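Notes to accompany the following structure.
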Amino acid sequence: MGDAADDVVAKRSPYELIGGAEAVRRLADKFYDLMDQDPSYRALRDMHEPDLAPMRDSLAGFFAVWLGGPRDWVEKRGGFCIMSRHAQMGVTNETAAQWMDAMRRAIAALETPPELAEKMDQALAPLAEAMVRRAKA
């Protein structure tokens with residue numbers, strides 16, 4: 001059974017591996033709950049609107065697409081540049097580090113498969129760093 005079962009798992013998208021729409025929504029909610037409730041993320045929280053509901057929906061939609069799931073979020077928006085969207089927020093080294101810490105905690109809380117968690121971290125960390133460079137430009 002080993003080889004055939006391994007092939008099926010290998011063909012699953014990260015979206016499927018993480019648990020689909022429900023898990024992606026839990027990831028977004030956990031991230032924003034941490035950001036909203038943990039005082040160590042105050043600078044990051046202060047960059048956002050008081051009502052986080054629209055951002056929760058947007059992050060869940062973004063992650064669905066980013067992880068290889070349904071493209072509904074992109075189709076509704078007609079395109080989206082994550083760097084341009086965050087350029088005016090003034091992302092700093094401090095807020096980028098807070099974002100990564102909260103995201104890592106949210107990913108861990110979801111009990112994401114370790115290999116997928118590592119791949120997500122390897123992709124998200126440079127993105128956070130690029131947002132700092134973009135804000136400084």
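What follows draws every value from the coordinates through simple rules; no lab data is involved. Not measured: the values here are computed from a predicted model. Cβ sites come from the backbone with ideal geometry, for glycine too, and all protein chains shown count toward neighbours.
Length gained on full extension, A21 to T92, computed as 0.36 nm times the residue gap minus the Cα-Cα distance: 22.5 nm.
Computed from the C-beta positions of R133 and R71 and an R0 of 22 Å, the FRET efficiency is 0.20 to the nearest 0.05. The equivalent ellipsoid of region 2-136 has semi-axes of 26, 17, 15 Å, largest first, where each one is the square root of 5 times an eigenvalue of the Cα gyration tensor. Pop the C-beta distance of E49 and E118 into the FRET formula with R0 = 25 Å and round what comes out to the nearest 0.05. According to the calculation, E is roughly 0.20.
Charge tally around A97: other residues with Cβ under 11 Å, Lys/Arg +1 each, Asp/Glu -1 each, net -2. Region 27-49 and region 93-137 have Cα centres separated by 14 Å. In plain terms, the chain from E111 to D57 could stretch by 17.4 nm, reckoned as 0.36 nm per residue minus the Cα-Cα distance.
Sorting the segments 95-101, 49-55 by their mean number of nearby beta carbons within 10 angstrom, highest to lowest, gives 95-101, 49-55. For the chain, a simple Cβ point-charge model (Lys and Arg +1, Asp and Glu -1, everything else neutral) yields a dipole of about 540 debye relative to the Cα centre. Packing here is the average count of other Cβ atoms within 10 Å per residue, and on that basis the peptides 84-94, 18-28, highest first, run 18-28, 84-94. Length available on full extension from S84 to D101: 0.36 nm per residue minus the Cα-Cα distance, which gives 3.9 nm. The packing ranking, built from the mean of other Cβ atoms within 10 Å per residue, places the peptides 56-66, 112-122 in the order 56-66, 112-122, highest first.
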